[in-house]
Amino acid sequence: MSTFEKLTTLLDHHQARYQVMEHDATGKCDEVAAIRGTALGQGAKALVCHVKGNGVKQHVLAVLTADKQANLTQLAQALGGTRASLASPTEVDNLTGCVFGAIPPFSFHPQLLLVADPSLFSRYQELAFNAGLLEKSMVLNTEDYRRISAPRLVDFTR
């Protein structure tokens, strides 16, 4: 089952309020926001990271708004580690089944811890994100996202 199929199955099962959009493939947050007709800050950007140090060795799917930058040191420290780095394209594919830019803000892999910056939930009623493919996006009710994904909240943006 593709990531897109897993995602729609999960959202339908939980009666989420969402819509799917098809568009030209682009991996850039600002370009896809313009195509979707959404604000850049509505974008849920998902980064696959490694957190290491202090006995911690964890893959993390870190979700933040597309108009902010991740502070990987802050992310690592919040999870008990000392450093964090972005995963390689091979690791991203193995853990998400997606290419960079297409990763939705949901973890379907047991070794991929889902964390979200709290500001994701306070700014907009809907979040927008690529749905496992560069040419498909979703706009999802923010509270439905929080309820269904149940991410660990970690302040890691600047």
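The values are calculated or read from the model by the stated rules, or taken from the named source; none is laboratory data. Note that the structure is a prediction, hence the values are computed from the model and not measured. Virtual Cβ from ideal backbone geometry, glycine too; neighbours counted across all protein chains shown. With ligands, DNA and RNA removed, areas are computed over all heavy atoms of the protein, side chains included. Shrake-Rupley method; radii C 1.70, N 1.55, O 1.52, S 1.80 Å.
Taking the Cβ of VAL48 as the centre, find all other residues whose Cβ is under 12 Å away and add up their charges (Lys, Arg: +1; Asp, Glu: -1).
Charge balance in the 12 Å sphere: -1.
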Scoring region 72-115 by relative contact order with C-alpha pairs under 8 Å, at least six apart, yields a percentage of 22 percent
Provide the percentage of antiparallel DSSP beta bridges, counting only those with both residues in the chain; round to the nearest 5. 75 percent
Would you mind working out the magnitude of the charge dipole of region 1-141 relative to its Cα centre, with +1 at each Lys and Arg C-beta and -1 at each Asp and Glu C-beta, to the nearest 20 Debye? 480 debye
Compute the whole-percent fraction of alpha carbon pairs in the chain spaced more than 26 Å apart. 19 percent
If each of SER88 and ASP12 carries a label point 7 Å out from its Cα toward its Cβ, how far apart are those two points in nm? 3.7 nm
Residues in region 1-40 that a label on ASN141 would reach, taking backbone N under 18 Å of a point 7 Å out along Cα→Cβ: 8-21
Net charge near ALA102 (other residues with Cβ under 9 Å of its Cβ; Lys, Arg +1; Asp, Glu -1) is 0
Add +1 for every Lys or Arg and -1 for every Asp or Glu among the other residues with Cβ under 13 Å from the Cβ of GLN77, and state the total. +1
Dipole of region 22-130 [Lys/Arg +1, Asp/Glu -1 at C-beta], most positive-end residue of GLY41, LEU120, ALA84: ALA84
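On the accessible surface of the chain, probed at 1.4 Å, how many percent belong to carbon and sulfur atoms?
Exposed carbon and sulfur together represent 47 percent of the surface.
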Per-residue accessible area for THR9 at 1.4 Å probe radius, Å² rounded to 10? 80 Å²
Relative contact order [Cα under 8 Å, 6+ residues apart], the chain, whole percent: 31 percent
